[in-house]
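Contents: one structure, followed by commentary.
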Amino acid sequence: MPSPINESLLDTALTRLEQAHAWSPRVISRLETLIRTADDAALFRVNPVQYAAEKGLSESEAIDLFLHSAKLGLLDMEWHMVCACCGQVFQNLRGVGDLHSHFVCNICRMDNTVTLDDFIQVAFTLAPAIRPLTYHTPANLAPDDFLFRYRLALGLDRYPQRISNESYFRAATKALTYLEPGAELEVIWEATPGLIYVGDLFKRVVATFYAYPSTPGAAPDVPQAFEIRFDTEAAISTTPSMPAHIEEIPTPVGPKEFQFTHFAAVPSGPLTLRLINQSAERVLLWGLNLPADVGDTWVAFQPFLSGKRLLTTQTFRNLFRTETVASDEGLGVRDITFLFTDLKGSTALYDQLGDLQAYHLVRQHFDALTQVITQQAGAVVKTIGDAVMATFVSPSAAVRAALEMLKKIDEFNHGRAEPLILKIGLHRGHSILVSLNDRLDYFGQTVNIASRVQGLAEAHEIYLSQDVYASPEVADCLAGCVITPGQVTVKGVSEALQVYKVMLRAER
């Protein structure tokens, strides 16, 4: 049975949610039904992209729904830093400001460098003030739920096996149980070639064994029995001693470094482990034996809301405008598209109309461009004088936005004696998310080039870099346009850039 609901808080939040946006029919009622009737698992770490597919919503509307719900206290927004090797939720954070780009997984021990494109997963959980869930108190979960629903990220698949990450680890699990304070457990496992991990899922301390193929009939030359003690100081100790060890292991995405804190190589065959909980708290013991081809496998997300996509969502920018990243550490974005606009002759416009009227006209133009950017699932990063800087997840969305901007400005200028003249430039590549002037911004050469490409444009022109032009689906977006290729040299870039001037074909 679902736990009791705080009816007053729920009704207030839903009323305010309904008023916050022009929603499609039944959007709010479907969310209310979910909150009232779904089991705890269905309300824990909800994936907005999956929710959209299940409920027949657009992904953009589903993301907006969850963002508004989080702002109103109906849901908790969670940023998950996920290990690219084992799929553990290394940290569950409340905001982008808590993220960092580097960590060593405290289960599998792989050194991770993450970007906002992947392995930073954003999900939403029903707020405990609305309805308590069992997952709000993870220490009380059954071992199976704690590992496979709470500790490991949801919605991960394993390749090339083409199975879920959960199935992969279930097959490798040899022990998953609570060990009470003072308790001891002795097990004898038939170790097969591969990596063996034995540790406490609560404190996330682990001993690692490399089981190598044994020679039939040969006497083992290393110990095959170990005592592992879980200590109060969030640590483990072993007999015989298991020293720290760093190993570089090849993977399908390149060599990765593993920083084992307690490591021993043992022959395959019987492995005796005496496990002792010397701490004052219970241990959640997890033992697993991964196969010898562990280095050949990798994880991939099912469709999910990434940090990059959330940061290129205008609703997030509007509702969570105070979010910033740590001043001493930017966050990498591997592939993002930047769009810059500017107005030609804006200085003359101010001279002709006067400051107040010209400013009002420029503000109207900002509103029109923002509407287009939002419709194409982009976000305005900032305005600079009369210019706009925006980001998009995909180049095709940015190109569609640029073309629509030219059409929108043509409509905007209809009947005006002093028309606005728009110039646009686009480039894509890697960048760094930083905080500048207490707001989220981007830094790096990709941003510089995007600004320079925009500077090439004249009246009613769009300039695309080669990286944008060559992207899938962009050619379809440009059907019917006049395209002129060329090579240019821009300040701050040593090599000539291949660019493409795009103009709307004049209607006859």
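The values are calculated or read from the model by the stated rules, or taken from the named source; none is laboratory data. Owing to the predicted nature of the structure, the values given are computational and were not obtained by experimental measurement. Reconstructed Cβ throughout: ideal geometry from the backbone, glycine too, with neighbour counts over all protein chains shown. Ligands, DNA and RNA are stripped out before the accessible areas are found, and what is left, the full protein with its side chains, is counted by its heavy atoms. Shrake-Rupley method; radii C 1.70, N 1.55, O 1.52, S 1.80 Å.
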Checklist entry - For region 150-164, does any single residue satisfy the condition of being open to solvent by 10 Å² or more (accessible area, probe 1.4 Å), free of Cβ contacts under 8 Å to residues at least 40 places away in the same chain and at positive phi? => result yes
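Counting only residues that are in a loop (DSSP other than H, G, I, E, B) and surrounded by fewer than 19 Cβ atoms within 10 Å (Cβ to Cβ), how many does region 269-285 have?
Start the filter on region 269-285 by keeping residues that are in a loop (DSSP other than H, G, I, E, B), which leaves 278-282.
Pick out the ones that are also surrounded by fewer than 19 Cβ atoms within 10 Å (Cβ to Cβ) and you get 278, 280-282.
Residues flagged as in a loop (DSSP other than H, G, I, E, B) and surrounded by fewer than 19 Cβ atoms within 10 Å (Cβ to Cβ) within region 269-285 amount to 4.
Out of the residues in region 96-121 that are polar (S, T, N, Q) and under 15 Å from the mean Cα position of the chain (by Cα), state the one that is farthest from residue 316 (Cα to Cα).
Taking region 96-121 and keeping what is polar (S, T, N, Q), we get 101, 106, 112-113, 115, 121.
Applying the additional criterion that residues be under 15 Å from the mean Cα position of the chain (by Cα) yields 101, 112-113, 115, 121.
Numbers: 101: 21, 112: 27, 113: 25, 115: 19, 121: 15 Å.
Looking at the filtered set, the residue picked out is 112.
Filter region 73-85 down to the residues that are closer than 26 Å to residue 256 by Cβ and modelled with pLDDT of 95 or more and list them by number. Walk me through it before giving the result.
To start, the set of residues in region 73-85 that are closer than 26 Å to residue 256 by Cβ comprises 78-85.
If the condition is that a residue be closer than 26 Å to residue 256 by Cβ and modelled with pLDDT of 95 or more, then 78, 79, 80, 81, 82, 83 are the ones that fit.
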Checklist entry - When you go through (1) touching a strand residue (DSSP E or B) at 6+ places or on another chain (Cβ under 7 Å); (2) open to solvent by 30 Å² or more (accessible area, probe 1.4 Å) one by one for residue 145, which number turns out not to apply? => result (1)
Item to check | Restricting region 424-479 to residues that are touching a helix residue (DSSP H, G or I) at 6+ places or on another chain (Cβ under 6 Å) and small (Gly, Ala, Ser), the residue that is nearest to residue 326 (Cα to Cα) | outcome: 431
Checklist outcome for this item: Over region 115-130, the set of residues assigned to a loop (DSSP other than H, G, I, E, B) and open to solvent by less than 10 Å² (accessible area, probe 1.4 Å) is 116, 127, 130
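Within region 88-114, track down each residue that is assigned to a loop (DSSP other than H, G, I, E, B), within 21 Å of residue 263 (Cα to Cα) and in contact (Cβ under 8 Å) with a residue 60 or more places away in the chain. Write out each step before concluding.
From region 88-114, those assigned to a loop (DSSP other than H, G, I, E, B) are 94-95, 99-101, 105-109, 114; that's our starting set.
Now drop any that are not within 21 Å of residue 263 (Cα to Cα), which leaves 105-109.
Result: 106, 107, 108, 109.
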Checklist entry - Looking at (1) farther than 30 Å from residue 96 by Cβ; (2) touching a strand residue (DSSP E or B) at 6+ places or on another chain (Cβ under 8 Å), which is the only condition residue 280 fails? => result (2)
Checklist entry - Can you tell me which residues in region 385-428 are of a type outside the set (A, V, I, L, M), in a loop (DSSP other than H, G, I, E, B) and at pLDDT 95 or above? => result 394
Next on the checklist: I need a count of the residues in region 59-87 that are in a helix (DSSP H, G or I), crowded, with 19+ Cβ neighbours inside 10 Å and acidic (Asp, Glu).
Outcome noted: 1
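Condition (residue is on the phi > 0 side of the Ramachandran plot and part of a loop (DSSP other than H, G, I, E, B)) applied to region 258-267: is it met by at least one residue? Reasoning before the result, please.
Filtering region 258-267 for residues on the phi > 0 side of the Ramachandran plot gives none.
There is no residue in region 258-267 that is on the phi > 0 side of the Ramachandran plot and part of a loop (DSSP other than H, G, I, E, B).
Out of all the residues in region 218-238, is one or more open to solvent by 50 Å² or more (accessible area, probe 1.4 Å) and touching a Leu at 6+ places or on another chain (Cβ under 7 Å)? Talk me through it step by step, then tell me what you get.
Applying the first criterion (open to solvent by 50 Å² or more (accessible area, probe 1.4 Å)) to region 218-238 yields 218-221, 223-225, 232-234.
Add one more test, that the residue is touching a Leu at 6+ places or on another chain (Cβ under 7 Å), and what stays is 224.
So far as region 218-238 goes, yes, one or more of its residues are open to solvent by 50 Å² or more (accessible area, probe 1.4 Å) and touching a Leu at 6+ places or on another chain (Cβ under 7 Å).
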Checklist entry - Can you name every residue in region 420-435 that is open to solvent by less than 10 Å² (accessible area, probe 1.4 Å) and of a type in the set (A, V, I, L, M, F, W, C)? => result 420, 422, 424, 426, 433
Next on the checklist: What are the pairs with Cβ atoms under 7 angstrom where one residue, in region 128-141, is on the phi < 0 side of the Ramachandran plot and free of Cβ contacts under 8 Å to residues at least 60 places away in the same chain and the other, located anywhere, is crowded, with 17+ Cβ neighbours inside 10 Å and among the hydrophobic types (A, V, I, L, M, F, W, C)? Sequence gap at least six, or different chains.
Outcome noted: 138/146
Checklist entry - Would you say residue 168 is surrounded by fewer than 17 Cβ atoms within 10 Å (Cβ to Cβ), of a type in the set (Phe, Trp, Tyr), in contact (Cβ under 8 Å) with a residue 60 or more places away in the chain and farther than 20 Å from residue 227 by Cβ? => result no
Next on the checklist: Tally up the residues in region 1-39 that are touching a residue at least 24 places away in the same chain (Cβ under 8 Å), more than 12 Å from residue 69 (Cα to Cα) and not in a helix (DSSP H, G or I), please.
Outcome noted: 9
